[in-house]
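The structure under discussion appears below in the form of C-alpha cells.
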Amino acid sequence: MVSQPAIAIRQLTKIYKVYSKPLDMLRELVFGGNRYSEFAALNSIDLTIQRGEVVGVIGPNGAGKSTLLRIIAGTLDPTTGDVKVNGSLAAILELGTGFQPDYSGRENVIIGGMCLGMTKAQVESKLQSIIDFSELGAVIDQPFKTYSSGMKARLTFSTAMSVEPEVFIIDEALAAGDAYFVQKCLRRIREICLSGATVLFVSHSENLVAELCSRAIWLEGGRVIADGLAEPVAKAYIQSVWDREKSVLEKTNAQRALAISATIETGGRYRLGGATATIESVYTLNTMGVATTFFTAGDPWRIQAKWSGRLNPAISYYISFRIDGNRTQAVTGVEGHEEKFFLSRQSIERGFGTIEYSVPHLDLGEGRYDISISICSYELPKTPENILHYVEKIHSFHVGRRILGHLGWVYEPHFTFTEIESQS
C-alpha cells in the first residue's frame, strides 16, 4: 500500500484585491462595481511533498513563498485549488505568538508552546530544555518586557524549536539574535532536517538549501520556476540573481555615463572639478578584454578609464580610483602617485588618453561594488585644488562566488598599471 504524501497541492491560486486608495473600497461597498485590480500571489501551483522529504523553498522577495506557507499552515484561505496535509503540522512563520510582556519568561514559554499546538503537559516536560537552549535561566522569572530584543528572540525561537510535528514548516530568517545564537539556531534546524520529519524550509541562502535539503522549489512571480534536486536548483536560482544584477548594473552604468556628461555642465552630484580635465568613461573588463560588470571571485580583473583635458606638460598627473562595497567604504583601490603611476608626457601633450589597472585574481567577497575615480595633478603639498576631476561611483560591478561555501575575502591587491596608446 502506497502511503499518502505529507503535502499535496493541486491548482493552488491566491489572488489579492489591490485598491489604489482606501476610499475605493468604501465606494465599492456603497455604489457597487469593481474598483480594484487583481494581483496573483500564487498561480496554479501543483506540488507533492512525500513523507520524510526535506524541501527548500527559494525565490526573491514577493515570489509567493510566504503566501504558500500560510495556506499550507491553514492561516490563509486560497482563492482556488486544494491543499491536503497528512499528519500533525507545525508552522513557524513568526516568532512570539502568545507571548505577553507582563508575564515572566517562564510563563511565556508555557503559553507560547500551547499556542504552537502542544499541551501544557508537553510544554512543561520540555520547559527546562527550552530554557537551557535559550541560555536565559538567570532571567527566566523576570517579566518578558524587561528583556532586550536579542533576549526576546532567543526565548521565542527556543520555544518554537521545541515542537516535534510530522510536518515542519520553518523560515530560516527567524533565526534571530547575535551571531553566536544564530549559529546555534541553524544547528537546531539541521537536527530537525535530519530527524526524519517532513520539512519545508524557506531560505534566502542557496548554500543552506544545498546543504540541508534533498529537493528545492524555486518560486518566482507566484509560479514554480524549477523543482528538483536541491543543489542544481539552488545554483540555477543564484545564477538568475547574478544575471539580473548584471542587467541592472549595465543599465545603471549607462545612465551614469549620461549623467556624467550632463553634470560636467550642471555641477551635479557626480562631479567635482572638471574645468581642465575630465574622466570620460570607465569600464571593467574580463581576461578577453570584453567589457563586463559580472565577475567570479578569483577572476582576472581590469579597469580602463578614458580621460581628456588641457594639462600642463611641466606637471605630473595621475589617476586614482577607489572600490566601495555595499557595507564597506574603501574596500581597496589605488592612489596613483604613491605607486608612481603617472600619465605619460605624450598623452599629456596630446590632451587625452586611456589608462588601465589590472589584477590577476579579484579575490573579493560576493556582492556589488562601486568605483569612484579621479584625475589629479601631482604637487606638494597636496590640496583639494590638485583634484582636477572626481566622479563618485561612476561604475558598478558584481562579484559572485566561485564555489558554494566560499565567501571570498577582502584584501590589498597588487595592481599593475598600463597606459594604452590612444587614437584620435
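The values are calculated or read from the model by the stated rules, or taken from the named source; none is laboratory data. Note that the coordinates shown come from a computational prediction; the quantities given were computed from them, not determined experimentally. Please note: Cβ atoms are built from the backbone with ideal geometry, for glycine as well, and neighbour counts cover all protein chains shown.
General observations
- In summary, residue 109 fulfils each of the numbered conditions (1) in contact (Cβ under 8 Å) with a residue 60 or more places away in the chain; (2) more than 23 Å from residue 18 (Cβ to Cβ) with the single exception of condition (1).
- Pair list, Cβ under 7 Å, 6 or more apart: the range 58-84 residue closer than 16 Å to residue 169 by Cβ, other residue of a type in the set (A, V, I, L, M) and surrounded by fewer than 20 Cβ atoms within 10 Å (Cβ to Cβ): 67/76; 69/93; 70/76; 70/93; 71/83; 72/83; 73/93; 84/8
- Residues of the range 121-147 satisfying the condition of being charged (D, E, K, R), in a helix (DSSP H, G or I) and more than 35 Å from the chain's Cα centre (by Cα): 124, 126
- Test: residue in the range 33-51 that is assigned to a helix (DSSP H, G or I), modelled with pLDDT under 90 and farther than 30 Å from residue 126 by Cβ: no
- Considering only residues in the range 69-120 that are at pLDDT 90 or above, out of contact with any Leu (no Cβ under 7 Å at 6 or more places or on another chain) and assigned to a strand (DSSP E or B), the one that is surrounded by the most Cβ atoms within 10 Å (Cβ to Cβ) turns out to be 85.
- Residue that is nearest to residue 53 (Cα to Cα) [pool: residues in the range 219-230 that are touching a residue at least 40 places away in the same chain (Cβ under 8 Å), over 19 Å from the mean Cα position of the chain (by Cα) and surrounded by fewer than 16 Cβ atoms within 10 Å (Cβ to Cβ)]: 227
- Single residue of 245, 191, 265 found to be modelled with pLDDT under 75 and surrounded by fewer than 17 Cβ atoms within 10 Å (Cβ to Cβ): 265
- Subset of the range 380-404 [at pLDDT below 85 and in contact with a helix residue (DSSP H, G or I) (Cβ under 6 Å, 6 or more places away or on another chain)]: 400, 404
- Enumeration of residues in the range 312-323 that are surrounded by fewer than 23 Cβ atoms within 10 Å (Cβ to Cβ) and not β-branched (Val, Ile, Thr): 312, 313, 314, 316, 318, 320, 322
- In the set (1) at pLDDT below 80; (2) more than 16 Å from residue 320 (Cβ to Cβ), residue 351 fails one condition alone, (1).
- The range 340-351, residues that are over 22 Å from residue 392 (Cβ atoms) and either touching a residue at least 12 places away in the same chain (Cβ under 8 Å) or surrounded by 17 or more Cβ atoms within 10 Å (Cβ to Cβ) (or both): 342, 344, 345, 347, 348, 349, 350, 351
- Members of the range 367-389 that are touching a residue at least 12 places away in the same chain (Cβ under 8 Å) and out of contact with any Phe, Trp or Tyr (no Cβ under 9 Å at 6 or more places or on another chain): 367, 379, 387
- Checking each residue of the range 285-294 against the condition of being closer than 18 Å to residue 388 by Cβ and either within 33 Å of the chain's Cα centre (by Cα) or surrounded by fewer than 19 Cβ atoms within 10 Å (Cβ to Cβ) (or both) gives no match.
- Of the listed requirements (1) touching a residue at least 40 places away in the same chain (Cβ under 8 Å); (2) within 27 Å of residue 165 (Cα to Cα); (3) surrounded by 13 or more Cβ atoms within 10 Å (Cβ to Cβ), residue 44 misses just one: (2).
- Residue in the range 324-339 that is on the phi > 0 side of the Ramachandran plot and either surrounded by 21 or more Cβ atoms within 10 Å (Cβ to Cβ) or under 24 Å from the mean Cα position of the chain (by Cα) (or both) present: yes
- Of all residues in the range 198-218, those satisfying the criterion of being in a loop (DSSP other than H, G, I, E, B) and either surrounded by fewer than 20 Cβ atoms within 10 Å (Cβ to Cβ) or polar (S, T, N, Q) (or both) are 203, 204, 205, 214.
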